[in-house]
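The values are calculated or read from the model by the stated rules, or taken from the named source; none is laboratory data. Worth saying up front: this structure is predicted, and the values here are computed from it rather than measured. Counting neighbours? That spans all protein chains shown, and the Cβs are built from the backbone with ideal geometry, glycine included. All accessible areas refer to the heavy atoms of the entire protein, side chains included, with ligands and DNA or RNA removed. Shrake-Rupley method; radii C 1.70, N 1.55, O 1.52, S 1.80 Å.
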Amino acid sequence: MSASTAPQCEREYDFALIVGGVGELTGEVEDALYEAGCDDATVSMQYGLLYIEFSRTATSLQEAILSAIRQVHAAGIGAVVYRVDDCNLVTAADIARRIDRSRQLVHQYMTGQRGPGGFPPPECHITDGKPLWAWCAVSFWLAQNDLLRPEESWDAEVIAAINNELEMLRQMKRHPDLVKKVKHDLEAVKA
Amino acid sequence: MPMARKRHSKPEVEKAIQYAEALGWRVEKGKNHAIYRLYCPHATRAGCQVSVWSTPKNPGNHARQIRAAVDRCPHQPPTDGTEQEDP
């Protein structure tokens, strides 16, 4: 799967950012976000975090999300975007819901009773009876087998890439030496 | 629900505010870009808050997002009690 290089039309993308670093929702915070360009979003606060829900017109989801992150950081209110509100790890029930199919059918895809076979194995919790799958891998398989629009699979990759980078940046701030050491050691054991 | 405030100039946003009010949310007047701030019934710092723009870029989207934020609030009983998550 790869991003289309053809010129793309603008369309509206819905997504939400979870934002830390702002302890209180004040008039100053609201004005700064509005003036930074977030007038196409609704700002709310829950669990002490800002939840900013966008409906943004852009040529791609990637452009929409990255421009929103830039604006939130540029608002000058100490905001730190933690992640795009979407979890890459999903249950079998989540998969069924995301593709609007029954859990039984998803189970049959997994076991090879239906579909072309080769369903991706789970990523974690594989020993406790509650396995989780990576939506990126699952949506890639679904798109390859014409069970999901390729754009949806690509969007899953975009969101996961952005969230991975945001998580890495936050961890880098907390424990820079650890991140550098792990990166270095992993590069040394690359096949 | 008595309304001791000015109506929002965008009817769809006004309806979303009234939706929140009907579920026990409190409406406080804001200033500048956020004309109102909505507070959920759990009136502490841990409660939910939603900012309402005076001039949202797209009033229809803003109204939909306000309703979604109200529906996400964990501090109010479900409206019909039928929504159950898959285990």
Among (1) open to solvent by less than 70 Å² (accessible area, probe 1.4 Å); (2) of a type outside the set (Lys, Arg); (3) within 30 Å of A:LEU50 (Cα to Cα); (4) modelled with pLDDT of 95 or more, where does A:ASP86 come up short?
(4)
Unmet criterion (only one of (1) open to solvent by 20 Å² or more (accessible area, probe 1.4 Å); (2) more than 14 Å from every other protein chain (Cβ to nearest Cβ)) for A:LEU61
(1)
Some residue of the range A:59-78 being assigned to a loop (DSSP other than H, G, I, E, B) and either at positive phi or not assigned by TED's automatic domain parsing to the domain that holds A:ALA16 (or both):
yes
If you check A:GLN8, A:GLN46, A:GLN71, which single one turns out to be within 14 Å of chain B (Cβ to nearest Cβ), open to solvent by 40 Å² or more (accessible area, probe 1.4 Å) and not aromatic (Phe, Trp, Tyr)?
A:GLN71
Hits in the range B:1-30 - residues which are surrounded by 13 or more Cβ atoms within 10 Å (Cβ to Cβ), of a type in the set (D, E, K, R) and outside any helix (DSSP H, G or I):
B:ARG5, B:LYS10, B:ARG26
State yes or no: is A:ALA161 part of a helix (DSSP H, G or I), in the same structural domain as A:VAL179 (by TED's automatic domain parsing) and open to solvent by less than 30 Å² (accessible area, probe 1.4 Å)?
no
Quick one: which residue in A:LEU105, A:LEU148, A:LEU169, A:LEU132 is surrounded by fewer than 19 Cβ atoms within 10 Å (Cβ to Cβ) and touching a strand residue (DSSP E or B) at 6+ places or on another chain (Cβ under 8 Å)?
A:LEU132
Inter-residue pairs, beta-carbon under 9 Å, first within 8 Å of another protein chain (Cβ to nearest Cβ) and in the range B:49-63, second open to solvent by less than 10 Å² (accessible area, probe 1.4 Å) and among the charged types (D, E, K, R), 6+ apart:
B:SER51/A:GLU30; B:TRP53/A:GLU30
